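Shown next, in structure tokens, is the structure this report addresses.
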Amino acid sequence: MPNRILKESICRSEDIDSLTWFEEVLFYRLIVICDDFGRFDGRIKIIKGSCFPLKSVTEKDIERALNKLSAVGLVKLYQVEEKPYLQLVTWSSHQTIRNQKSKYPECPSNLQEKEYLQEKENDCMQLKSIENNCMQLQAIESKCSRNPIQSEYNPNLNTNICSEQNSSEQHEQAVITLLLNTGEEYPIVQSNVNEWAELYPAVDIIQELRNIKGWLITNQRKRKTKGGILRFVNSWLAKKQDKGGTGSSYAKTVQATPVKQNRFVNYEQRDWNFKELEKMERERIAQQADNRQQPKDERYAALLAKIEGGSSA
């Protein structure tokens, strides 16, 4: 058994001072017989035979002294596989560990504490690794030159477009925008227009959206929320459908195209079929002329029949 170290600070230790002479002697003799990790067999008979081979000390005296050492925190008593062992708590602070393996099993609580400390150490290493990666990315970014087109982008352009749209709608360009109660503009995309066109075939969807936009501009206090604007549009179109529709067949010939916007152009562009519009306008004028002519023809036929009836009499 290698030599052990006793420091002079032991004379001023409050824990040691709280012990009786016998308890203090037992503690010193345990220091001598423990292995290089401060552990020893916890059976009373083994302790008695190892610490006091020539003294007539009872096992009860040793058991009481051992419990006192455990109470003041100098000795830790534990069991492994139902066998008792002891561990001197401050061993690693005062003694030199030479052997790589202990003769006795380690305290289970020490194992749990080591596992916990190991997990914390691993977490710290991962955080340091992530921090190093972030620093490397920042260094790379600082060295990269920016795209000149992106550097000329004006961040103030169209900043009031509603930012919280469905991801599927964010990939489509706006056909028209409607003002919300927050002052933001809610984009209506072509997929919305197509869906409403199927639901309300008698309504000119684009024209009604313009009407809604004008109504929202003039009725600031009645503007809708982001969650209620589509319900409002749907209700508006449904009422228009119930009243017989827009009354114009322009919706069949006018195809709305997405808004093409840049820093210089910020208006809606549409493709118009002017030949078809002109043909429809001529048909409408001709139909109105026929409607005005029909009552005159009926009155003329009635007058002619009356004259023919009189002459026959």
**Item:** Cut-off 18 Å, label 7 Å out along Cα→Cβ of GLN118, residues of segment 78-111 by amide N
**Value:** 100-102, 105-111
**Request:** Please list, in chain and number order, the residues 5+ apart from LEU178 or on another chain whose amide H is under 5 Å from its amide H, with Hs placed from the backbone.
**Result:** TYR186, ILE188
**Item:** Estimated dipole of segment 8-115 in Debye, rounded to 20 [Cβ of Lys and Arg +1, of Asp and Glu -1, Cα centre]
**Value:** 380 debye
**Prompt:** Using modelled backbone amide H atoms (1.01 Å from N, in-plane), which distant-in-sequence or interchain residues come within less than 5 Å of VAL80's amide H?
**Reply:** TYR85
**Request:** With θ set to phi - 60°, apply the Karplus curve 6.51 cos²θ - 1.76 cosθ + 1.60 along segment 277-290 and write out the HN-Hα couplings as whole Hz, x wherever there is a Gly or Pro.
**Result:** 5, 5, 5, 5, 5, 5, 5, 5, 5, 5, 5, 5, 5, 5
**Prompt:** By the scheme Lys and Arg +1, Asp and Glu -1, what is the net charge of all other residues having a beta-carbon under 14 Å from that of ALA238?
**Reply:** 0
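Exceeding 31 Å between C-alpha atoms, which entries from my cross-link table qualify? They are LYS76/LYS128; LYS128/LYS226; LYS213/LYS243; LYS224/LYS279; LYS7/LYS48. Could the numbers behind the result be given before it?
Details: LYS76/LYS128 36 Å; LYS128/LYS226 43 Å; LYS213/LYS243 20 Å; LYS224/LYS279 40 Å; LYS7/LYS48 25 Å.
Listed pairs above 31 Å: LYS76/LYS128; LYS128/LYS226; LYS224/LYS279.
Can you list the trypsin sites (Lys or Arg not before Pro) in segment 33-125 that are in a DSSP coil and have 13 or fewer other beta carbons within 10 angstrom?
In loop regions of segment 33-125 (DSSP not H, G, I, E or B), the sparsely surrounded trypsin sites (Lys or Arg not before Pro) are LYS55, ARG98, LYS101, LYS103.
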**Item:** Karplus-derived 3J(HN,Hα), 6.51/-1.76/1.60, for each residue of segment 5-20, Hz, glycine and proline x
**Value:** 10, 10, 8, 5, 5, 5, 6, 9, 6, 5, 5, 5, 5, 7, 8, 7
**Request:** Convert each backbone phi in segment 127-132 into a coupling constant with the Karplus relation 6.51 cos²θ - 1.76 cosθ + 1.60 (shift: θ = phi - 60°), then list the ³J(HN,Hα) values in order as whole Hz, x for Gly and Pro.
**Result:** 4, 5, 5, 5, 5, 5
**Request:** Name the long-range amide H neighbours of VAL75: under 5 Å, sequence gap of 5 or more, or other chain; modelled H, no Pro or chain starts.
**Result:** SER70, VAL89
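Every number here is computed from the coordinates shown, using simple stated rules; none is lab data. Nothing here was measured: the structure is a model prediction, and the numbers come from that model. All Cβ positions, even for glycine, are placed from backbone atoms using ideal geometry, and neighbour counts span all protein chains on display.
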